[in-house]
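Below is one structure, written out as structure tokens; comments come after it.
What follows is calculated from the coordinates using simple rules that are stated; it is not laboratory data. Note that the structure is predicted; figures quoted are calculated from it, not measured. A quick note on method: Cβ atoms are made from the backbone with ideal geometry, for glycine too, and the neighbour counts reach across all protein chains shown.
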Amino acid sequence: MGVDAVTSRAVFLDRDGVLNRATVRNGKPYPPMSVGALDLFPDAADALMRLKAAGYRLVVVTNQPDVARGDQRREAVDAINRKLAGQLPLDEVRVCYHDDGDGCGCRKPEPGLLLQAPVPDLARSVIVGDRWRDIQAGRRAGLRATILIDHGYDEAIVVEPDVRVRSLAEAADWILQLDAGGST
């Protein structure tokens, strides 16, 4: 399409709990362990196509610390990401395989995944996540807006998002309304 990624805007998307269902145990979300366990939300493809049509780059930014913890193989995470990229109109998938103790600048809530090249116009970009780490990363990167898909997990929201929604479709509606100059 010839869109310059450096000057374009992006929607950064967390993976688990945003594009696909997370397994919730004791109020905490966990990623799928294999391609076979991947369960896309039914509204994901349509929501992403609408955002893509509005000119957004679609960039997945996902923490996958189970690799560092030895509970998941990197090859399994990569296979899940390839499956997602084959089914959804994604431009890029960025993954942090580190755990908190690694001190990695790309592990959300740090903004490193959002700041990797190519860097879109951050002041025109948004993040959609399902946990406070996503919202904090968006704030630290200076994004235009942060959107939380609230699944009611049993964990504190350390930083408030600009808006809470119940689905990716609602998030897309909010973003497109924001673009149209609507109230948020």
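Overview of values
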{"item": "Rounded, prolate or oblate (a/c below 1.5 giving rounded, otherwise prolate when a/b exceeds b/c) for the stretch 117-184 by Cα gyration tensor", "result": "oblate"}
{"item": "Gain upon complete extension [Asp121, Arg73; 0.36 nm per residue less C-alpha separation]", "result": "13.9 nm"}
{"item": "Debye intensity ratio I(q)/I(0), log10, the chain, q values 0.15 Å⁻¹ (C-alpha model)", "result": "-0.83"}
{"item": "Using alpha-carbon coordinates, inclination of helix 74-87 to the longest axis of the chain, degrees", "result": "30 degrees"}
{"item": "Degrees between helix 44-53 axis and first principal axis of the chain (Cα, 0 to 90, nearest 10)", "result": "40 degrees"}
{"item": "Separation in nanometres of the label points that stand 7 Å from Cα toward Cβ, at Asp173 and Glu155", "result": "2.7 nm"}
{"item": "Degrees, to the nearest 10: 168-179 long Cα axis against longest axis of the chain", "result": "30 degrees"}
{"item": "Stretchable slack from Arg25 to Glu92, in nm (0.36 nm times residue separation minus alpha-carbon distance)", "result": "21.2 nm"}
{"item": "GNM flexibility winner over the chain from Val163, Val126, Val93 (Cα, springs under 10 Å)", "result": "Val163"}
{"item": "R0 of 41 Å, Cβ-Cβ distance Met33-Arg166: FRET efficiency to nearest 0.05", "result": "0.95"}
{"item": "For Ile147, Ile157, order by how many other beta-carbon atoms lie within 10 Å, fewest first", "result": "Ile157, Ile147"}
{"item": "Helical contribution to [θ] at 222 nm, DSSP H n ≥ 4, -39,500 (n - 2.57), averaged over the chain, rounded to 500", "result": "-8000 deg cm²/dmol"}
